[in-house]
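Written below as structure tokens is the structure these notes are about.
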Number of protein chains: 2
Amino acid sequence: MGNIVVGQSGGPTAVINSSVAGVYEAAKAAGVNKVYGMVFGIQGFLEEKILDLDEYLSTQDGIELLMRTPSAFLGSCRFKMPKPEDGTQVYERIFEVMEKNDIDALFYIGGNDSMDTVKMLSDYAAAHGKKQRFVGVPKTVDNDLPVTDHCPGFGSAAKYIATSLKELIRDNAVYGDYRTAVLIVEIMGRHAGWLAAAAALAKDETCEGVDAIYLPEIVFDVDAFVDKVDALTKEKKTIVIAVSEGIKVADGRFVCELTGAGGAKDAFGHTQLSGCGVFLAQLLSSKLGVKARAVELSTLQRAATHIASLTDIEEARMAGKAAVNAALSGETGVMVTLNRVSDNPYKCETAVHDIHSIANVERNVPFNWVGEDGCSMTEEFEAYARPLIMGELVPIYENGTPKHLVRK
Amino acid sequence: MGNIVVGQSGGPTAVINSSVAGVYEAAKAAGVNKVYGMVFGIQGFLEEKILDLDEYLSTQDGIELLMRTPSAFLGSCRFKMPKPEDGTQVYERIFEVMEKNDIDALFYIGGNDSMDTVKMLSDYAAAHGKKQRFVGVPKTVDNDLPVTDHCPGFGSAAKYIATSLKELIRDNAVYGDYRTAVLIVEIMGRHAGWLAAAAALAKDETCEGVDAIYLPEIVFDVDAFVDKVDALTKEKKTIVIAVSEGIKVADGRFVCELTGAGGAKDAFGHTQLSGCGVFLAQLLSSKLGVKARAVELSTLQRAATHIASLTDIEEARMAGKAAVNAALSGETGVMVTLNRVSDNPYKCETAVHDIHSIANVERNVPFNWVGEDGCSMTEEFEAYARPLIMGELVPIYENGTPKHLVRK
């Protein structure tokens with residue numbers, strides 16, 4: 001095989017760079033000459049923005065630093081491939097850049113949209129008798145790709161969420177019964193509730209955990225929510241509730257779109273853009289007269305490489321290596337999957353799966369992993385998610401903050 | 001000396017528990033019999049809510065865990081002491097509980113309000129010929145206590161802020177020049193801008209740092225801010241700006257109180273409670289048509305013990321020890337201070353200072369540490385703050401999250 005190229009696409013995760021490391025290591029081990037990185041994904045590739053990863057990763061120090069670097073080292077993009085029937089210019093350009101640089105395989109690390117790109121490129125190659133291979137490497141904090149047991153990126157975000165919630169629960173309880181304090185913690189996940197569900201992992205021997213978890217998979221009933229918190233305040237003074245940013249009411253509107261009594265407008269007369277956490281805190285203050293605040297974990301939860309899960313890092317790297325090995329053995333039009341072969345001890349292996357049954361399919365949290373009250377997670381979820389947050393890769397600190405690898 | 005009691009007061013920090021550890025260790029080393037902890041500060045003490053710290057800290061494991069535990073292990077309070085002329089019941093009750101438990105010295109870990117409590121209790125003791133001693137231990141993420149070079153708690157919050165900003169800067173730049181992305185990061189500090197200033201520490205060899213920092217000490221000019229960002233967007237596409245929650249316009253109103261064109265109301269018709277970060281992001285979207293988002297570091301920045309500064313932890317512990325040693329040598333009505341005796345290598349020693357010139361005095365960021373543009377920090381600030389974020393105390397992980405010490 002000639003040279004290869006690896007790209008990163010979509011929203012970053014704490015471990016998306018570990019997959020780049022895995023691709024690089026496996027390719028070099030197999031004797032591949034040049035391992036290129038696309039700068040800003042397919043969008044940059046169209047302009048032939050590529051770099052030679054040898055420049056950064058030829059020493060073990062480079063690899064170690066890359067695995068501790070947040071966001072996408074190569075830069076990312078949100079580029080939607082046109083359908084071939086709407087014009088083939090983009091396709092032709094991609095193959096042109098590949099051919100010019102003797103690139104025989106393209107590895108694309110991303111979520112749903114990125115797997116669609118892999119599908120379209122591999123379909124195009126097949127239809128036009130092109131030899132180049134296209135392999136997807138799963139990546140998403142949302143954990144919503146089908147077929148694979150879980151997605152690299154989810155475990156680290158889940159570890160950040162569980163750790164931060166443990167800290168916030170302690171912080172919120174600091175005045176004990178002397179002050180009612182309701183804290184709403186808003187967690188990423190517009191459609192799938194995996195990350196909000198990870199709030200359940202805050203509970204352990206020394207932490208009482210959150211008092212309720214609301215997922216986008218379950219219709220959100222505003223009145224029932226207020227009643228639930230009202231009942232909770234009768235039992236205890238300090239309450240922490242995890243909500244997914246994507247929770248929706250019965251008519252399909254996002255909770256953050258609800259306008260309430262006054263019509264939520266921002267300071268400039270536009271519809272309020274703040275999240276459902278702030279809305280729900282305001283609702284509780286208004287309806288119950290309790291002191292309620294909101295914390296939004298925002299992009300911190302996907303960027304916090306300083307507390308990434310070692311299991312996640314290793315699996316992201318393993319997925320990158322598996323992608324290269326798949327391409328070397330002739331596969332194309334596939335995505336690497338993680339298959340859980342054992343729960344105790346936890347063990348995952350890689351495989352590859354036809355990209356056609358993956359692209360554009362979203363996997364939600366199964367209903368039977370949600371408790372009967374509709375706002376808690378079962379032991380099955382705990383058994384699924386706990387292994388994914390295990391282990392740490394201690395940052396390399398320099399002058400008091402973690403050191404990162406950045407493009408020149 | 002008989003027994004002693006230690007209490008925690010006001011908002012928690014990542015290292016307020018290390019001062020409890022220091023008090024305990026120094027007292028035990030000096031042969032004090034019982035070291036009691038007030039549960040929920042003076043408010044709990046009035047109800048004789050105390051615990052024997054031997055129960056938790058008699059092993060080194062207990063101390064190690066306590067130093068890695070966020071929030072106030074003993075619980076805290078926001079209790080304002082009445083003036084003695086308005087009635088002495090509270091004072092009498094405090095001395096009653098002390099005498100009943102043979103407590104000869106009270107150590108109070110807190111910020112401005114808590115030092116006021118130390119002052120009032122020591123003044124009362126002096127006026128009434130009471131033998132009990134009262135010593136304050138500084139604690140505040142806001143770093144606004146006078147006399148002391150800095151306050152335990154600040155360094156860890158600053159380390160969290162610098163680390164998180166480095167991660168957010170990388171995250172925000174992920175699409176490079178293909179997308180304009182303005183990120184406003186709102187940082188704690190209602191009156192003093194020390195924490196917002198700590199955003200300057202994100203800048204280093206591999207991080208370009210934030211593009212502007214706005215402190216509450218400098219009058220905020222909304223139009224100049226918009227112009228500044230407008231100019232920045234001409235130079236670069238990805239911009240990160242740190243703002244203190246306490247920034248105020250010329251007429252004295254907080255920026256978060258500005259109502260703009262439409263009148264900022266929440267969904268329930270009440271005045272908008274969201275912070276200045278959201279307001280400024282909305283302002284930029286409205287005035288410049290750029291994509292602007294806000295991240296509020298919220299209570300995460302004071303609760304994140306998992307990335308506390310070791311320097312801060314050690315100094316908090318040292319301050320607790322110094323408080324006990326001061327009381328043993330006869331001091332009362334004083335607060336422990338940290339005196340910087342050397343910059344290179346950084347070295348701090350403890351001393352004590354009359355509480356009367358400390359209580360209710362707030363220290364702001366000096367104007368000459370702010371750059372001429374009014375929105376950057378000088379090298380003097382860097383030299384002051386950088387040593388305070390150095391070092392780490394690796395968490396003790398259990399089942400994937402940091403383990404904490406909690407009251408039974």
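The values are calculated or read from the model by the stated rules, or taken from the named source; none is laboratory data. It should be emphasised that the depicted structure is a prediction, and the values quoted were computed from it without experimental measurement. Glycine gets a Cβ as well: all are built from the backbone with ideal geometry, and neighbour counts include every protein chain shown.
A few comments on the model shown:
- Failed condition for B:Glu92, given (1) within 14 Å of chain A (Cβ to nearest Cβ); (2) over 26 Å from A:Thr238 (Cβ atoms); (3) out of contact with any Asp or Glu (no Cβ under 8 Å at 6 or more places or on another chain): (1)
Let's see how each residue does on (1) surrounded by fewer than 24 Cβ atoms within 10 Å (Cβ to Cβ); (2) away from chain A (no Cβ under 14 Å); (3) among the β-branched types (Val, Ile, Thr):
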{"site": "B:Val23", "(1), (2), (3)": "no, yes, yes"}
{"site": "B:Ala27", "(1), (2), (3)": "no, yes, no"}
{"site": "B:Val32", "(1), (2), (3)": "yes, yes, yes"}
{"site": "B:Met38", "(1), (2), (3)": "no, no, no"}
{"site": "B:Phe45", "(1), (2), (3)": "no, no, no"}
{"site": "B:Glu48", "(1), (2), (3)": "yes, yes, no"}
{"site": "B:Leu53", "(1), (2), (3)": "no, yes, no"}
{"site": "B:Ser58", "(1), (2), (3)": "yes, yes, no"}
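- Scope the stretch B:137-149; condition assigned to a loop (DSSP other than H, G, I, E, B) and either surrounded by fewer than 24 Cβ atoms within 10 Å (Cβ to Cβ) or out of contact with any helix residue (DSSP H, G or I) (no Cβ under 6 Å at 6 or more places or on another chain) (or both); matching residues: B:Thr140, B:Asp142, B:Asp144, B:Leu145, B:Pro146, B:Val147, B:Thr148, B:Asp149
- Residues that are assigned to a loop (DSSP other than H, G, I, E, B) and surrounded by fewer than 24 Cβ atoms within 10 Å (Cβ to Cβ) within the stretch B:1-10 comprise B:Met1, B:Gly2, listed in sequence order.
- Candidates in the stretch A:88-111 are the residues that are among the acidic types (Asp, Glu) and part of a helix (DSSP H, G or I); of these, the one that is surrounded by the most Cβ atoms within 10 Å (Cβ to Cβ) is A:Glu99.
- Residues of the stretch A:119-141 that are closer than 16 Å to A:Asp312 by Cα and touching a Gly at 6+ places or on another chain (Cβ under 6 Å): A:Val137, A:Lys139, A:Thr140, A:Val141.
- Within the stretch A:61-97, the set of residues being farther than 23 Å from A:Lys408 by Cα and among the hydrophobic types (A, V, I, L, M, F, W, C) comprises A:Phe79, A:Met81, A:Val90, A:Ile94, A:Phe95.
- Count of residues meeting criterion [over 9 Å from B:Val135 (Cβ atoms) and of a type outside the set (D, E, K, R)] in the stretch B:330-358: 16
- Of B:Tyr214, B:Tyr175, all but one fail to be surrounded by fewer than 24 Cβ atoms within 10 Å (Cβ to Cβ) and either within 24 Å of B:Ser285 (Cβ to Cβ) or not assigned by TED's automatic domain parsing to the domain that holds B:Met318 (or both); the exception is B:Tyr175.
- Selection count, the stretch B:321-339, where residues are assigned to a helix (DSSP H, G or I) and within 16 Å of the chain's Cα centre (by Cα): 0
- Filter pass, A:Tyr160 being under 15 Å from the mean Cα position of the chain (by Cα) and not assigned by TED's automatic domain parsing to the domain that holds A:Gly37: yes
Conditions (1) surrounded by fewer than 23 Cβ atoms within 10 Å (Cβ to Cβ); (2) modelled with pLDDT of 95 or more, marked per residue:
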position	(1), (2)
B:Ala304	no, yes
B:Ser309	no, yes
B:His353	yes, yes
B:Ala359	yes, no
B:Arg363	yes, yes
B:Pro366	yes, yes
B:Asp373	yes, yes
B:Ala383	yes, yes
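- Verdict on A:Glu362 being touching a residue at least 24 places away in the same chain (Cβ under 8 Å), in contact with a His (Cβ under 7 Å, 6 or more places away or on another chain) and of a type in the set (D, E, K, R): yes
- Filter pass, A:Asp123 being surrounded by fewer than 24 Cβ atoms within 10 Å (Cβ to Cβ), out of contact with any Cys (no Cβ under 9 Å at 6 or more places or on another chain) and assigned to a helix (DSSP H, G or I): yes
Rundown of residues vs (1) at the interface with chain B (Cβ under 7 Å from one of its Cβ atoms); (2) modelled with pLDDT under 95; (3) surrounded by fewer than 20 Cβ atoms within 10 Å (Cβ to Cβ), yes/no style:
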| site | (1), (2), (3) |
| --- | --- |
| A:Gly262 | yes, yes, yes |
| A:Val295 | yes, no, no |
| A:Leu300 | yes, no, no |
| A:Asp312 | no, no, no |
| A:Arg317 | no, no, no |
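- Scanning the stretch A:388-397 for residues that are more than 7 Å from chain B (Cβ to nearest Cβ) and not hydrophobic (A, V, I, L, M, F, W, C) yields A:Gly391, A:Pro395.
- Of all residues making up the stretch A:356-387, the number that are more than 8 Å from chain B (Cβ to nearest Cβ) and in a helix (DSSP H, G or I): 13
- When the stretch A:151-206 is filtered for residues that are more than 11 Å from chain B (Cβ to nearest Cβ) and part of a loop (DSSP other than H, G, I, E, B), the ones remaining, listed by number, are A:Cys151, A:Pro152, A:Gly153, A:Thr180, A:Met188, A:Gly189, A:Arg190, A:His191, A:Ala192, A:Gly193.
- Within the stretch A:231-256, the set of residues being farther than 18 Å from A:Lys291 by Cβ and not in a helix (DSSP H, G or I) comprises A:Ala242, A:Ser244, A:Glu245, A:Gly246, A:Ile247, A:Lys248, A:Val249, A:Ala250, A:Asp251, A:Gly252, A:Arg253, A:Phe254.
- Checking A:Ser19 against (1) of a type in the set (Ser, Thr, Tyr); (2) closer than 23 Å to A:Leu328 by Cβ; (3) surrounded by fewer than 24 Cβ atoms within 10 Å (Cβ to Cβ), the condition it does not meet: (3)
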